[in-house]
1. Looking at A:133, A:126, which is the one that is open to solvent by 80 Å² or more (accessible area, probe 1.4 Å), modelled with pLDDT of 90 or more, within 13 Å of the ligand (Cβ to nearest atom) and in contact with an Asp or Glu (Cβ under 6 Å, 6 or more places away or on another chain)?
2. Considering only residues that are without any contact (Cβ under 8 Å) to a residue 24 or more places away in the chain and more than 9 Å from every other protein chain (Cβ to nearest Cβ), look in segment B:26-47 and name the one that is nearest to residue B:131 (Cα to Cα).
3. When only residues in segment B:56-74 that are assigned to a helix (DSSP H, G or I) and surrounded by fewer than 14 Cβ atoms within 10 Å (Cβ to Cβ) count, which is nearest to the other protein chains (Cβ to nearest Cβ)?
4. Pick from segment A:136-155 the residues that are part of a loop (DSSP other than H, G, I, E, B), without any contact (Cβ under 8 Å) to a residue 60 or more places away in the chain and not hydroxyl-bearing (Ser, Thr, Tyr): which of them is nearest to the ligand (Cβ to nearest atom)?
5. Considering (1) within 22 Å of residue B:177 (Cβ to Cβ); (2) surrounded by fewer than 19 Cβ atoms within 10 Å (Cβ to Cβ), say which one residue B:6 fails and leave the rest.
6. State all residues of segment A:33-57 that are more than 15 Å from residue A:80 (Cβ to Cβ), surrounded by 14 or more Cβ atoms within 10 Å (Cβ to Cβ) and aliphatic (A, V, I, L, M); if no residue qualifies, say none.
7. In segment B:169-185, is there at least one residue being within 17 Å of residue B:94 (Cα to Cα) and either open to solvent by 40 Å² or more (accessible area, probe 1.4 Å) or modelled with pLDDT of 95 or more (or both)?
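The values are calculated or read from the model by the stated rules, or taken from the named source; none is laboratory data. Predicted model only: the values in this text are computed from it and were never measured. Glycine gets a Cβ as well: all are built from the backbone with ideal geometry, and neighbour counts include every protein chain shown. Side chains included, ligands, DNA and RNA excluded: accessible areas come from the protein's heavy atoms. Shrake-Rupley method; radii C 1.70, N 1.55, O 1.52, S 1.80 Å.
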Amino acid sequence: MVENKSHIEEVLRNVTDPEIPVLTIQELGIYQGFESEGDKITVLITPTYTGCPAMDMITVNVKSAMEDAGYKNVVVKLVLSPIWTTDMISQEGHRKLKEYGIAPPVEKTTDSSFLSGEEKVVPCPQCESKNTQLISQFGSTACKALYKCNDCLEPFDYFKCY
Amino acid sequence: MKYVLQLADNAMILGQRLAEWCGHGPILEQDIAITNISLDLIGEARVLYQYAAEIEGGGKTEDDYPYKRDVRDWRNLLLVEQPNGHFGYTIVRQFMFDCYHYFHLKAMADSKDERLAVIAKKTIKEATYHLKYSSEWMIRLGDGTEESRSKMQEALDDRIRFFDEAFIPSKLENDESLKGIAVDCLSIRDAAWTKFTEVCNTATLTIPEVKFPQKGGKDGMHTEHLGFILAELQFLQKSYPNSNW
Ligand SMILES: [Zn+2]
């Protein structure tokens, strides 16, 4: 069963996020490994936001990816710890977000500026300009805020620190 | 378990109220913001109902609580069941709730009950954004045009009587067995009021004196509004018992 484990791991790592399809659940940092008992596989996922509607989709995606790979008895378990933070998005994840047109989180949640709630400069993912402004704290989904670039005039989503 | 339900009920009812705005927000961005807050709160309610179901056992599921209980079994604050009114009323209600919710979760993160502590640590991240959002709108509308200011003042004058209920311990919260588990809500009153006062001052709003503070929600004594919310929430379940969707 040892080679099985690495196969399962590979299948799971490559499941993508339904809202940001360029990111895998591993790069997003929500994939927390799996446990197996006989032929039953329990996949552990820590949700981004408590009420994130994408979680149901992720559950479906995980199950169907596993089913395609030949694993039929799969349960997805949402675990609250470790508590997800944007710090768990990988370097590769940051790069892909930017390429996709979403500005990645600019700071660590442990930074003093985050803790004090001070506004940070969010560079435009299109033209790198630092001359941007916050339009709305909440963008198309809870995890994003809506910004506008004052140079290229494009609106863009910013992946908020969490 | 009853304490967990009380916490869940607050999040559930406010989440449900906010969901009524969906598609009716004053501008699209606010509509989205309110919907997101609503989703966060319903998400919080769900993890709490799941926990309650685990404690109670006997095959209970998270859906049994929101869909199968009568008005008198609900333990939410009267504040959260008050109608949306105009946008000013919604913001004032949200802001009052956020002032309470944020400090409540901050204290609950130290609960001796590990599950409650982890739920608090998770959801306070969301509550922090909510408080920031509602504070900004209190200030923007309060310190805005003459009309927006008078609407905010009207909402504040009317709803202030529901603010203090959150900080008056109920019999359940005072129960010896919940010591160190439940948040001592009296102990967070000062912090919440300080934040509340600070924002109201910046918003140039006058905090009215409360003559008749309203309470009873935590003991199951609700205003007439809760019945209507539940009628809507439970309609499907009552018409088609045990349907899954
Ligand atoms: Zn730009």
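1. A:126
2. Result: B:31.
3. If we filter segment B:56-74 for residues that are assigned to a helix (DSSP H, G or I), which is where we start, we get B:56, B:64-68, B:71-73.
If we keep only those that are surrounded by fewer than 14 Cβ atoms within 10 Å (Cβ to Cβ) too, we end up with B:72-73.
Working: B:72: 27, B:73: 23 Å.
Taking the candidates together, the pick is B:73.
4. First, the residues of segment A:136-155 that are part of a loop (DSSP other than H, G, I, E, B): A:137-143, A:150-154.
Filter once more, keeping what is without any contact (Cβ under 8 Å) to a residue 60 or more places away in the chain: A:137-140, A:150-154.
Imposing the further condition that a residue be not hydroxyl-bearing (Ser, Thr, Tyr) reduces the set to A:137-139, A:150-154.
Numbers: A:137: 20, A:138: 21, A:139: 16, A:150: 8, A:151: 5, A:152: 3, A:153: 7, A:154: 5 Å.
The selected residue is A:152.
5. (2)
6. A:41, A:43, A:54
7. Taking every residue of segment B:169-185 in turn, none turns out to be within 17 Å of residue B:94 (Cα to Cα) and either open to solvent by 40 Å² or more (accessible area, probe 1.4 Å) or modelled with pLDDT of 95 or more (or both).
Table: residues versus (1) outside any loop (DSSP other than H, G, I, E, B); (2) at pLDDT 95 or above; (3) open to solvent by 10 Å² or more (accessible area, probe 1.4 Å).
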residue: B:24; (1), (2), (3): no, no, yes
residue: B:33; (1), (2), (3): yes, no, no
residue: B:38; (1), (2), (3): yes, no, no
residue: B:79; (1), (2), (3): yes, yes, no
residue: B:85; (1), (2), (3): no, no, yes
residue: B:97; (1), (2), (3): yes, yes, no
residue: B:102; (1), (2), (3): yes, yes, yes
residue: B:105; (1), (2), (3): yes, yes, no
residue: B:111; (1), (2), (3): no, yes, yes
